[in-house]
Amino acid sequence: MVVYKMTDKTMDNQSDFSPHLKRKRRFLLFQGRPETVSLLLLIVIFAGVSFINPSFLQISSLVDIARASVVTGLFALGVFTVLAAGGIDISFPAIAALAMYGVSTFVLDVFPEMPIALIVFSSVLIGLILGSVNGVLVHGLRVPALIVTIGTQYFYRGILLVFVGTVWLMEMPSQMTDFGKWSLLDIESNNGVTVSLPVYFLVLPIAAFTTWFIFNRTLMGRAIFAVGGNAGVAERLGYDLRKVRVFAFGYAGGLAGLAGIIQASANRMANPFDFAGTEIGVIAAVVLGGARITGGTGSVIGTILGVLLVTVVNNVLVLVGIPSTWQRVVVGAFILLAAAFFVLRDRKSAR
Amino acid sequence: MKRDANLWVLCTLIIVLFGFGGVVSGGTYLSLFNLQSMAMQVPEIGLLAIGVMLAMCAGNGGIDLSGIANANLSGVASGIFTLSLFDASQDPMLFTIAFAAGCVVIGLLGGIFNGVIISRFGITPILGTLGTQMLFTGVAVVLSDGRSVTVGSPDPLYVIGNGLVFGIPTSFIIFILIGCLLGVILKYTPYGMRLMLTGANPKAAVYSGFPSGRIIITTYAISGLLAGIAGIIIAARNINVKWDYGSSYLLVAILIAVMAGVRPEGGYGRIITVILSAVVLQLLSSLLNFIGLSNFVRDLAWGVLLLCFLGVGRFDLINRILASLTSMRSPHVTK
């Protein structure tokens, strides 16, 4: 123990500025807001890439990243909701493909005049129903959600490929392609090429705000965190586990349906094999954003930062001269590093 | 002997599938050639399924999602390494031994890596093995530049993949031997007992002084080792190895484990049922082929089967049906 002179001044100094406390406080910053790490990492990558390849810092590449992050972002918001409720969902790519392809086929074959709003709505509805099936199964079967959603992933994809169709739809309905092309603002870059930020980009902030609202302003949000944190305790507190799980999986499914129809509109084609294998990248994004895979934590801001991080990594590797074959290694290493970091943080705070 | 119901159901299924297949195909399904070709396809997926089963038995959310990625990585890496060192046509024996040893070592290292990050760093198995799945696949892509690596078919390697001993495929014999060895290890060694007890109640295991870290590392190391051996068999059967081989194997391995009655929460699983379950799946898959249905139907069937067997396990349907059958026969039997 160090004995200090008991004058007011030293007391103040010692209590406020002792290096130990300061370090502790700095750590607290990470503790409350794990997403700050993703933010720092994002800034470092941005700075590094712009330093190596200044052409990166153009408005056009930023628009590219914004555009590329919409579908991943919607998926990630859904996965975040499911993770927060203590589950995991890897069937969302199949849900997105089934909703997107099913609705596109229906519009082409049966109802060519279907307004775009109704198209989007029905895709979301299909996603919602399929997601709710996930929720019911996870709750009813009492087995890890991972195994259930692996099963439903094959089930949904199988329904799509066996009963709906296996060919690429290259001629998309005009209202969908118009929606995909509908521009919010056109930006002329230095070399004279115009890049446009499409209107569908707005879907991401809206969905993010909705998710934030659910988690921070509604009882369902609190219930999701409670169930994800400790399902047994939450049940004794009177939360309806079934309702919470069906909601979380249904919400994720709805967002997947939305992402599917946006992807189809933007790419002007519907590929029934689309999205296969995207699940790991999306889960990586959510985990990088600070959500614990065992549930009960996370934030919408963190999720979005994680999505940006993964999108940036996927897009800039080539710009800085790393061959694209390294992409998986980098994302895999990121997952493991983030996981290790969060575990260490939890251990320290537990001490 | 409650859970042994799975064993009997699987045996019955095998007989039923053989019978049905024989009738539908007019006998060709039961021909020696078809039986041999089915037996050749079982080992790679069966080994991966045993790996998944071991990880599940360890409990605490244990699962190994990196199996097929690890198998592909060991095949690709060992293939590139061995091709650069030896000439397959001049010294096929040495080439095969070096290739096999390389696969086993790389698979084992991958498994140990999984075990270390899970037990030492405390990363959740789902997340950890998801990360290593991507990492292993990524390293395989980087090493092979995304192309397939031609290992070729030097004589001893060809025998492992396609050879017959007394009419039985070599790879199938290897698979059964490994299965028996692991079955004995699980049943009669302290490690086997501790693994199951840890899975059944991790907290009690910690208080009993089990070396939980070592158990988990051993378990994932064995799983990795099996993946390495699967890598050898894949290479031997296909001549080429590629990073994206067997993209549906992850689901199928988990499906086999669940069908075998392995408890996903940990603490229970038997090698013999896993082997039988792998055989059932192969019979079913070939049968669907014989009827002339597409691969998409097969994937759909796998999904439905997985969900059904989860339901069966959840509500203990097998035992209930058996119990109602016996009570019908002799009303005095109490359950």
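Would you please give the FRET efficiency between residue A:62 and residue A:341, computed as 1/(1 + (r/R0)^6) with r the Cβ-Cβ distance and R0 = 45 Å, to the nearest 0.05?
Using R0 = 45 Å, I get an efficiency of 0.95.
Using Cα positions and a limit of under 17 Å, work out the aspartates and glutamates in reach of residue B:203, with same-chain residues fewer than 8 apart set aside.
Candidates past the 8-residue exclusion: B:265.
Provide A:113, A:188, B:44 in ascending order of the number of other Cβ atoms located within 10 Å of each residue's Cβ, fewest first.
Final ranking by Cβ density, sparse to dense: A:113, A:188, B:44.
Rounded to the nearest 10 degrees, what's the angle between the helix A:327-350 long axis and the longest principal axis of chain A, both from Cα atoms, 0 to 90?
40 degrees
Say each of residue B:321 and residue B:97 gets a label point 7 Å from the Cα, pointing the same way as Cα to Cβ; how far apart are those two points in nm?
5.1 nm
Quick test of the membrane-span-like rule: which DSSP H helices of chain B reach at least 20 Å along their long axis (C-alpha atoms) with mean Kyte hydropathy at least -1.0?
B:5-25, B:32-57, B:67-85, B:92-119, B:125-144, B:170-188, B:212-238, B:271-291, B:295-315
With each pseudo-label sitting 7 Å past Cα toward Cβ, what's the residue B:90-residue A:199 distance in nm, one decimal?
According to this spin-label approximation, the distance is 7.0 nm.
Please report, in debye to the nearest 20, how large the charge dipole of chain B is about its Cα centre when each Lys and Arg carries +1 at its beta carbon and each Asp and Glu carries -1 there.
Here chain B has a charge dipole of around 1200 debye.
Would you please give the residues with an amide H less than 5 Å from that of residue B:164, counting only those at least 5 places away or on a separate chain, with H modeled from the backbone geometry?
Under 5 Å from the amide H of residue B:164 lie the amide H atoms of B:170, each far enough along the sequence or on another chain.
Return the whole-Å distance between the Cα centroid of the range B:235-263 and the Cα centroid of the range A:59-130.
29 Å
Given the DSSP H assignment, sum -39500 (n - 2.57) over each helix run of at least 4 residues in chain B and divide by its residue total; what's the result at 222 nm in deg cm²/dmol, nearest 500?
When only DSSP H runs of four or more count, the value is -25500 deg cm²/dmol.
Using only atoms on other chains, find how many Cβ atoms lie within 10 Å of each Cβ of peptide B:133-145 and report the average.
So the per-residue partner count for this stretch is 5.
For residue B:242, list the aspartates and glutamates whose Cα falls under 20 Å from its own Cα; do not include residues on the same chain fewer than 8 positions away.
Answer for residue B:242, where 20 Å is the Cα cut-off: B:44, B:145, listed by chain and number.
Would you please classify the overall shape of chain B from the alpha carbon gyration tensor, given that a ≥ b ≥ c denote the square roots of the eigenvalues, rounded means a/c under 1.5, and beyond that prolate means a/b larger than b/c while oblate covers the rest?
It is oblate, given that a/c is not under 1.5 and a/b is not larger than b/c.
At 7 Å along Cα-to-Cβ for each site, give me the label-to-label distance between residue B:314 and residue A:217 in nm.
Result for the modelled spin labels: 3.5 nm.
Rounded if a/c is under 1.5, else prolate if a/b beats b/c, else oblate: with a ≥ b ≥ c from the C-alpha gyration tensor eigenvalues square-rooted, which is the protein assembly as shown?
Rounded shape, in that the Cα axes give a/c under 1.5.
Which of B:249, B:158 comes first, and how do the rest follow, when ranked by fewest Cβ neighbours within 10 Å?
With the sparsest Cβ surroundings first, the list reads B:158, B:249.
Let me make sure I get this right: for the range A:111-170, a, b and c are the square roots of the gyration tensor eigenvalues over alpha carbons, sorted descending. Under 1.5 in a/c it's rounded, otherwise prolate if a/b > b/c, else oblate. Which is it?
oblate
Sort the following peptides by mean Cβ neighbour count (other Cβ atoms within 10 Å, averaged over residues), highest first: A:168-180, A:241-253, B:225-237, A:42-54.
So the peptides A:168-180, A:241-253, B:225-237, A:42-54, ranked by packing, come out B:225-237, A:241-253, A:168-180, A:42-54.
Per the Kirkwood definition applied to all pairs of different Cα atoms, how many angstroms is the hydrodynamic radius of the range A:204-272?
Value: 13.7 Å, from the Cα pair sum.
Bear in mind that the values in this text are calculations on the coordinates, not laboratory data. Quick caveat: nothing in here was measured; it's all calculated off a predicted structure. Every residue, glycine as well, gets a Cβ built from its backbone with ideal geometry; the counts of neighbours run over all protein chains shown.
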